[in-house]
1. Could you list all residues from region 59-99 that are in a strand (DSSP E or B), crowded, with 21+ Cβ neighbours inside 10 Å and either of a type in the set (F, W, Y) or under 24 Å from the mean Cα position of the chain (by Cα) (or both)?
2. Tell me which of these A174 doesn't satisfy, since it passes every other one: (1) in contact (Cβ under 8 Å) with a residue 40 or more places away in the chain; (2) surrounded by 19 or more Cβ atoms within 10 Å (Cβ to Cβ); (3) within 25 Å of T45 (Cβ to Cβ).
3. Only one of (1) out of contact with any strand residue (DSSP E or B) (no Cβ under 9 Å at 6 or more places or on another chain); (2) surrounded by 15 or more Cβ atoms within 10 Å (Cβ to Cβ); (3) of a type in the set (D, E) fails for D217. Which number is that?
4. Do the conditions hold for G154, that is, is it in contact with a helix residue (DSSP H, G or I) (Cβ under 6 Å, 6 or more places away or on another chain), over 30 Å from S260 (Cβ atoms) and modelled with pLDDT of 95 or more?
5. In region 27-43, which residue that is at pLDDT 95 or above and not in a strand (DSSP E or B) is surrounded by the most Cβ atoms within 10 Å (Cβ to Cβ)?
6. Quick one: count up the residues across region 10-26 that are exposed (fewer than 12 other Cβ atoms within 10 Å of the Cβ) and touching a helix residue (DSSP H, G or I) at 6+ places or on another chain (Cβ under 9 Å).
7. Looking at region 243-280 only, could you name the residues that are touching a helix residue (DSSP H, G or I) at 6+ places or on another chain (Cβ under 8 Å), in a helix (DSSP H, G or I), in contact (Cβ under 8 Å) with a residue 60 or more places away in the chain and over 20 Å from G50 (Cα atoms)?
8. Could you please find all residues in region 14-26 being part of a loop (DSSP other than H, G, I, E, B) and in contact (Cβ under 8 Å) with a residue 40 or more places away in the chain?
Amino acid sequence: MSKAIRIERHGGPEELQLVDVEVGEPGPGEIRIRHKAVGLNFIDTYQRSGLYPFPMPLQLGMEASGVVEAVGEGVTHLKAGDRAAYAGQPPGAYCELRVMPAKVVCKLPDAISFETGAAMMLKGLTAQYLLKKTLPAEGLERGDFILFHAAAGGVGLIACQWAKALGLKLIGTAGTDAKCQLALDNGAAHAINYSTENFEARVKEITGGQGVKVVYDSVGKDTFEGSLNCLRPLGLLAVFGNGSGPVPPFNLGLLAAKGSLYVTRPTLFTHASTREKTQAMADDLFAVVESGAVKIHIDQTYALADVQQAHRDLEARKTTGCTILTLD
């Protein structure tokens, strides 16, 4: 048996209930893992609320770390006793113990703690595919400006550091002066408080009127048009989240009028579609963390039983960096 967080219907944080579930043996291509820590992500709130609908009942959670207890037939990259971490589908990480597909699970290097492993997989792999794979038509070179919304969040703080290591000038946005300072402290070249400043005007000022080659936007509806206005001709807007709600339908003619722009709605799991691709992305992430170029900030910790409050704080923008759920 395992303690787990499950919902019976879509709704608010009050739908998150602590229950006992039975966990069996892994089948072909599966493992059983006992968690040490679980990561909290904004996508969890989308799945809970129904923005991303799932059949019920639903056990939430997209990333965690722990120790492999058993492996099923055909699993060769993991064995019982291995330290491991993952970000992957299907949801189900909010628990002590689970059986899951092995292809999304990676061995966790000894130099990286379970807490860091749980905090960084989904957010770090997201930063990896954005900065390394989601690129404008003209590419990115050292010295280029990029705009990154929600720069003090879990993905944002990793991206700030990684972009600096790549020689990019990241312009970060956040909703408070304190969060802006946090982005600057983590490698952002500039930070804009969008609650007191017009981020479009500031981006144009910072870039000498040229705009940026790419905008990475997890906010969605509230920033979409402004993000387009920050792009230089042939620029790319990558909308990878819906923090303020989904982007409404828009006229494609806008992209022509603003300079032959590109828009994409990427997802991590399109990029991490096979075990080999997932491992290569994870190896890149592990290397940059082990080198010290990227530090994972765990700014909030909650017990698994306190997950309702964790969701409330996340949706109220009270969190910075990464958040984990503990199982002790």
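The values are calculated or read from the model by the stated rules, or taken from the named source; none is laboratory data. Here the structure is a predicted model, which means the values were calculated and not measured. Cβ sites come from the backbone with ideal geometry, for glycine too, and all protein chains shown count toward neighbours.
1. Going residue by residue through region 59-99, those that are in a strand (DSSP E or B) are 59, 63-71, 83-87, 95, 97-99.
Of the ones still in play, those that are also crowded, with 21+ Cβ neighbours inside 10 Å are 63-66, 68, 71, 84-87, 95, 98.
Within region 59-99, E63, A64, S65, G66, V68, A84, A85, Y86, A87, C95, R98 qualify.
2. Every listed condition holds for A174 apart from (1).
3. (1)
4. Details: in contact with a helix residue (DSSP H, G or I) (Cβ under 6 Å, 6 or more places away or on another chain): yes; over 30 Å from S260 (Cβ atoms): yes; modelled with pLDDT of 95 or more: no.
Considered against the rule, which asks whether it is in contact with a helix residue (DSSP H, G or I) (Cβ under 6 Å, 6 or more places away or on another chain), over 30 Å from S260 (Cβ atoms) and modelled with pLDDT of 95 or more, G154 comes out as no.
5. Here the answer is G29.
6. Going through region 10-26 one residue at a time, the tally reaches 1.
7. Within region 243-280, H271, R275, T278 meet the criteria.
8. Applying the first criterion (part of a loop (DSSP other than H, G, I, E, B)) to region 14-26 yields 16, 22-26.
Scanning region 14-26 gives L16, V23, G24, E25, P26.
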